[in-house]
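For reference, the structure is listed below as structure tokens.
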Amino acid sequence: MSRIYIEQLHEVAGQQVTLHGWLYNKRSSGKIRFLVMRDGTGFVQGVIAKGAVSEEVFARFDELTQESAFTMTGTVRAEKRSPGGFELDVTDLTILHIAHEYPITPKEHGTDFLMDRRHLWLRSSRQHAILRVRHQVIKSIREFFDGRGFTLVDAPIFTPAACEGTSTLFETKYFDLGSAYLTQSGQLYGEAGAMAFGKVYVFGPTFRAEKSKTRRHLTEFWMVEPEVAFNDLSDNMDLAEAMLEHVVQSCLKDRAAELKLLERNTAMLENVKAPLPRITYDEAVEILHKNGIAFEWGNDLGGTDETVVSQQFDRPVMVHRYPAEVKAFYMKRDPQNPKVALAVDVLAPEGYGEIIGGSQREDDFDALLGRIKEHNLPQSAFDWYLDLRRYGSVPHAGFGLGIERTVSWICGLDHLREAIPFPRMIYRLTP
Ligand code: 4AD
Ligand code: MG
């Protein structure tokens, strides 16, 4: 027998079914008892009328505590007033487990209290909705790349060297080989993949020993990183905007109920359609100056700067050609102006800041070797990477999209910590 889930009730209206789940809440009104069951796919109210069930069943209702596990059998009835559209006229109840007093109650709890109980907090409707959107984001990203002939290439997590600067490296002992570092980005391996398969994406967890306690930083986060041989910066931006459109529109279409539960105003999300505005770093600096910000050319855009720039647009904006000095060693310089790198950041609207960072890569052996030396990176750890510029080097480009930043923006969250099931931050390693 296949199990019926709450989200399938519309398929079995009028029929008798048995549902398995947990008690969300219950109340009594005269001779009627109401209980709300959740089963992970939705919520449904069961209605128990005195007289319609045995005394034992009535007594079992009294025993049930919040989050107790039970089954309920009854007839599925369409009910316009109920959020899921259906109710169950209960004829039988069985108790599977009586829960201890549940720590998370409908009253307001502080974030630390809830984060300490993250393993339980995941059951509440808001967290449930956020993580369903996260699943949709990941699923639609895979759909997008798989549908365009990209090959998935997994990058290692233990790596011999830094990729995104040495200040945020997690170091760990590695047998007789000395130190290993948790990967900050799978990009360098993605580049090897692109030379082997043409177009690839790397998708996995990445690590940054971020010492800052901001709402935009985790120490462990997920990133998808496409990399394409023969693409230049402009092709890279075309790819990023097409992917963003696909992801956001897919969430609006398939996760409308979750976004509604989160009370997300979706007006700005509806606008996420190619083409997205593209401005240079120089133009971004002009915007900052016009808005009275004393910003010096050559600095990286900070969180507030990003917000001011993105406020000029009603959809994500791509900022390209940053000063090479503030960007990574592997980025190609603009042949028209070697002071700037062929880099692009995508800034989300509504103050969410950078969600994508990418670039065209340095494909010239000597230039790349020079950059590795300038950045004081250990040359021996990069010898394999230099091989990609020894054997059939071609222009290529790619980017990284942070999953949690994207989920946070789509859901309208005020902190990244709710966008991942079990967040890791400078001050949090549990549960
Ligand atoms: O801009 P980043 O550092 O770029 C790279 O790692 C490149 N190697 C990507 C590439 O070209 N293949 O990081 C890319 C994205 C950021 O835009 C942001 O969305 C996310 O990763 N990110 C973080 N998300 C959460 N917590 C952090 N500490 C993050 N650092 C970066
Ligand atoms: Mg970046």
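The values are calculated or read from the model by the stated rules, or taken from the named source; none is laboratory data. All of these numbers come straight from a predicted model, not from anything done at the bench. All Cβ positions, glycine included, derive from the backbone under ideal geometry; neighbour counts span all protein chains shown. Areas reflect the complete protein model, heavy atoms only, side chains present, ligands, DNA and RNA absent. Shrake-Rupley method; radii C 1.70, N 1.55, O 1.52, S 1.80 Å.
Listed values, structure above:
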quantity: Rough spin-label spacing in nm, given labels placed 7 Å along Cα→Cβ, for residue 337 and residue 104; calculated: 5.0
quantity: 97, 20, reordered so the largest accessible area comes first (probe 1.4 Å); calculated: 97, 20
quantity: 222 nm mean residue ellipticity, helices alone, for the chain (DSSP H n ≥ 4; -39,500 (n - 2.57); rounded to 500); calculated: -8500 deg cm²/dmol
quantity: Most fluctuating residue given options 159, 71, 219, as computed from a GNM of the chain linking Cα atoms under 10 Å; calculated: 71
quantity: Low-density loop positions, GluC sites (Glu not before Pro), the range 262-328 - DSSP coil, at most 14 other Cβ in 10 Å; calculated: 263, 296
quantity: Hypothetical label at residue 387: residues of the range 149-174 whose amide nitrogen lies under 19 Å (7 Å Cα-Cβ projection); calculated: 153-163
quantity: Contour minus Cα-Cα distance for residue 158 and residue 291 (0.36 nm per residue); calculated: 43.5 nm
quantity: Convex hull volume per residue for the range 6-97, taking Cα atoms only, in Å³; calculated: 84
quantity: Rounded percent of accessible protein surface that carbon and sulfur make up, the range 32-136, 1.4 Å probe; calculated: 54
quantity: Translational diffusion coefficient (Stokes-Einstein; Kirkwood radius from C-alpha pairs) of the range 108-163 at 25 °C, 0.890 mPa s, in µm²/s; calculated: 167
quantity: Average Cα contact separation per residue, the range 6-97, under 8 Å, 6 or more apart, as relative contact order %; calculated: 33
quantity: Per-selection Rg to Rh, the range 183-235 - Cα, Kirkwood hydrodynamic radius; calculated: 1.09
quantity: Zone of residue 54's modelled label, taken as backbone nitrogen in the range 82-116 under 20 Å from a point 7 Å along Cα→Cβ; calculated: 89-98
quantity: Most mobile listed residue (191, 55, 220) in the chain, GNM with C-alpha springs under 10 Å; calculated: 55
quantity: Computed over the chain, Kirkwood Rh from alpha-carbon pairs, angstrom; calculated: 24.4
quantity: Fluctuation leader among 42, 357, 400 - the chain, Gaussian network, Cα springs under 10 angstrom; calculated: 42
quantity: Hull-based mean projected area of the range 278-431, where the convex hull spans the alpha carbons, in square nanometres; calculated: 11.6
quantity: Zero-based 10 Å bins, Cα pair distances in the range 210-262, whole percents; calculated: 18, 28, 37, 17, 1
quantity: Sparsely packed trypsin sites (Lys or Arg not before Pro) within the range 346-431, loop by DSSP, other Cβ within 10 Å at most 16; calculated: 390, 424
quantity: The chain: antiparallel DSSP beta bridges as a percent of all, rounded to 5; calculated: 90
quantity: Length-normalised contact order for the range 118-419 - Cα pairs under 8 Å, 6+ apart - percent; calculated: 20
quantity: Volume of the Cα convex hull of the range 88-195, divided per residue and given in Å³; calculated: 256
quantity: Per residue accessible area of the range 215-279, 1.4 Å probe, in Å²; calculated: 44
